[in-house]
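A.B. asks: The structure that follows is given in the form of structure tokens.
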């Protein structure tokens, strides 16, 4: 796909993911799909970026350094319930049904990273109503 045929969504995505290989794949696929992507690798920096409220979508990994994703999610919902960004939890962790349900109740989406290619992730985000 050449640059002229790339759809321009102009949506901003914050990817909070500490695995370099994964964040690079997501950044490449989402950029190609027309998103503006910023990648951060830890929870504290991610929370600061989220609170800037300039993002449309946040991909939030659970297992990240400094402040785990579930704690980031709790703080977002407690401190900024009016945040406009859709928060999508991304993980490869095996969670109990109860734990997953508790996370899904606070998030706008929940994705098992191993179940989606980066291109499928871009398609999934394109279906979100933001």
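A.B. asks: Scanning for something surrounded by 15 or more Cβ atoms within 10 Å (Cβ to Cβ), in a helix (DSSP H, G or I) and either touching a helix residue (DSSP H, G or I) at 6+ places or on another chain (Cβ under 7 Å) or touching a residue at least 40 places away in the same chain (Cβ under 8 Å) (or both), does segment 49-62 turn up at least one residue?
C.D. replies: Yes, segment 49-62 has at least one match.
A.B. asks: Now a separate question. What's the total number of residues in segment 101-110 that are under 13 Å from residue 69 (Cα atoms) and in contact with a strand residue (DSSP E or B) (Cβ under 7 Å, 6 or more places away or on another chain)?
C.D. replies: The number of residues fulfilling the criteria is 4.
A.B. asks: Separate question: Looking at segment 74-93, which of its residues are surrounded by fewer than 21 Cβ atoms within 10 Å (Cβ to Cβ), over 14 Å from residue 15 (Cβ atoms) and touching a residue at least 12 places away in the same chain (Cβ under 8 Å)?
C.D. replies: If the condition is that a residue be surrounded by fewer than 21 Cβ atoms within 10 Å (Cβ to Cβ), over 14 Å from residue 15 (Cβ atoms) and touching a residue at least 12 places away in the same chain (Cβ under 8 Å), then 74, 75, 77, 79, 80, 83, 84, 92, 93 are the ones that fit.
A.B. asks: Is one or more of the residues making up segment 27-45 crowded, with 21+ Cβ neighbours inside 10 Å, assigned to a helix (DSSP H, G or I) and out of contact with any strand residue (DSSP E or B) (no Cβ under 6 Å at 6 or more places or on another chain)?
C.D. replies: There is at least one residue in segment 27-45 that is crowded, with 21+ Cβ neighbours inside 10 Å, assigned to a helix (DSSP H, G or I) and out of contact with any strand residue (DSSP E or B) (no Cβ under 6 Å at 6 or more places or on another chain).
A.B. asks: Further question on the same structure: Quick check on my filter: what residues within segment 92-130 are within 22 Å of residue 24 (Cβ to Cβ) and part of a helix (DSSP H, G or I)?
C.D. replies: Passing the criteria: 113, 114, 115, 118, 119, 120, 121, 122, 123, 124, 125, 126.
A.B. asks: Can you tell me how many residues within segment 66-91 are part of a helix (DSSP H, G or I) and over 13 Å from the mean Cα position of the chain (by Cα)?
C.D. replies: Residues meeting the conditions: 7.
A.B. asks: Exactly one of (1) in a helix (DSSP H, G or I); (2) out of contact with any strand residue (DSSP E or B) (no Cβ under 9 Å at 6 or more places or on another chain); (3) under 18 Å from residue 123 (Cα atoms); (4) without any contact (Cβ under 8 Å) to a residue 60 or more places away in the chain is unmet by residue 24. Its number?
C.D. replies: That leaves (2) as the condition not met.
A.B. asks: Would you please name the residue that is modelled with the lowest pLDDT, looking only at residues in segment 111-129 that are surrounded by fewer than 16 Cβ atoms within 10 Å (Cβ to Cβ) and touching a strand residue (DSSP E or B) at 6+ places or on another chain (Cβ under 8 Å)?
C.D. replies: Looking at residues that are surrounded by fewer than 16 Cβ atoms within 10 Å (Cβ to Cβ) and touching a strand residue (DSSP E or B) at 6+ places or on another chain (Cβ under 8 Å), I get 128.
The values are calculated or read from the model by the stated rules, or taken from the named source; none is laboratory data. All figures in this text were calculated on a predicted structure; none of them were measured in a lab. Glycine gets a Cβ as well: all are built from the backbone with ideal geometry, and neighbour counts include every protein chain shown.
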